[in-house]
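Step one of this worksheet: look at the structure below.
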Amino acid sequence: MKIRSSGDKAFDAINYSFITLFALACLFPFFYVAAFSVTPYTEYLLHPLKLIPNHIEFGAYKQIFHMSQLWTGYKNTIIITIIGVAINIFLMIITAYPLSKSDLKGRNVILVLITFTMFFNGGLIPNFYLIKSLHLYNTLWSMILPTALGAYNLILMKNFIGNIPVDLEESASIDGANEIKILFKIIVPLSKPAIATFIIFHAVTQWNTFFNAIIYTSKRGLWPLMLIVRDMVVDSGGVAKDLMDTGSTGVTEFTIKMAIIIFSTLPILLVYPFMQKYFMEGILVGSIKG
């Protein structure tokens, strides 16, 4: 058994201390918002940095359940996320699998063209006219198709599939399996960690999308959740009016904004624990073989 020196122990102590402080710094904003979403505003004014309230009130959450704009945003975002992730994962798998084959004709040229898109694109105005010309303006598809396949994730997926032993494919081929069966019966099951990782990455991206909605939509009914949250939290759009319409007492615009932020992030937080076991396995996807 290797005996650890005092220097090694001190180094580990410094590392763990730094990581702990970094984790606390990352978690503090979330706990801060969560705490003051259930804290009476008068108590917040007295103790603006207190994370454990003396009194807990859920009036702000009751209030936001009556905001129709939020539910419209939720519906749009769920549609965008589910369809967007399904299209992204499907396109990534069927593209990465053939590109993982070194004997594919034109493979290097295709990879150069894909890599080129990581550094250069047409720009905002050409992309806008492209969406208009494809009749996608003011549709949910304008927030799904432009991000349907990312070059970076595609290359990582190609590298992951390239690490799967070729003997498995050869054995299946000898048994009479064609390329489609090999892909969906062997490659996809063995790629679950990578697929789960990319599902999380793309789902978070789609859930948080708002810039494309600003550019490609002019109808408020098509806004995703995060654009509505931005409107309510940053510009106070509709929050003060809803308070006046319902005659709420004891609930302020501040606590409602805090509750809206927590309410909009809960789905991703609830999904992550179910994907964590795959996420930890696939977090270094594509890092071994280029």
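What follows is calculated from the coordinates using simple rules that are stated; it is not laboratory data. Treat the numbers as computed from the prediction; the structure is a model and nothing was measured. Note: ideal-geometry Cβ built from the backbone for every residue, glycine included; neighbour counts use all protein chains shown.
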- Magnitude of the Cβ-charge dipole (Lys and Arg +1, Asp and Glu -1) of segment 69-282 about the Cα centre, nearest 20 debye, reported as 320 debye
- Item | Of Lys75/Lys132; Lys101/Lys181; Lys105/Lys185, pairs whose Cα-Cα distance is over 21 Å | Lys75/Lys132; Lys105/Lys185
- For the chain, what is the calculated [θ] at 222 nm in deg cm²/dmol (nearest 500), taking -39500 (n - 2.57) for each run of four or more DSSP H residues and dividing by its residue count? -21500 deg cm²/dmol
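For Ser100, Ser171, what's the fewest-to-most ordering of other Cβ within 10 Å of each Cβ?
Numbers: Ser100 20, Ser171 13.
Lowest to highest Cβ neighbour count: Ser171, Ser100.
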- Query: Between Ala177 and Phe120, what FRET efficiency follows from the Cβ-Cβ distance if R0 is 41 Å, with the result rounded to 0.05?
  - Reply: 0.55
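Taking a ≥ b ≥ c as the square roots of the eigenvalues of the Cα gyration tensor of segment 1-110, is the shape rounded (a/c under 1.5), prolate (a/b larger than b/c) or oblate? Provide the component values of the computation, followed by the final result.
Values: a/c = 4.80, a/b = 1.21, b/c = 3.97.
Since a/c reaches 1.5 but b/c is at least a/b, the shape of segment 1-110 is classed as oblate.
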- Query: Residue farthest toward the positive end of the dipole of the chain, with Cβ of Lys/Arg at +1 and Asp/Glu at -1: which of His47, Ile78, Gly162?
  - Reply: Gly162
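How large is Rg/Rh for segment 69-282, to two decimals, with Cα atoms and a Kirkwood Rh? Don't jump to the answer; show the numbers that get you there.
Details: Rg = 21.4 Å, Rh = 19.8 Å.
Ratio of gyration radius to Kirkwood radius for segment 69-282: 1.08.
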- Query: For the residues Met92, Met232, Met143, what sequence is obtained by ranking on other C-beta atoms within 10 Å, fewest first?
  - Reply: Met92, Met232, Met143
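I'd like the FRET efficiency for Lys105 and Leu190, computed as 1/(1 + (r/R0)^6) with the beta carbon distance as r and R0 of 30 Å, rounded to 0.05.
Details: r = 25 Å, r/R0 = 0.85.
The formula returns an efficiency of 0.75 here.
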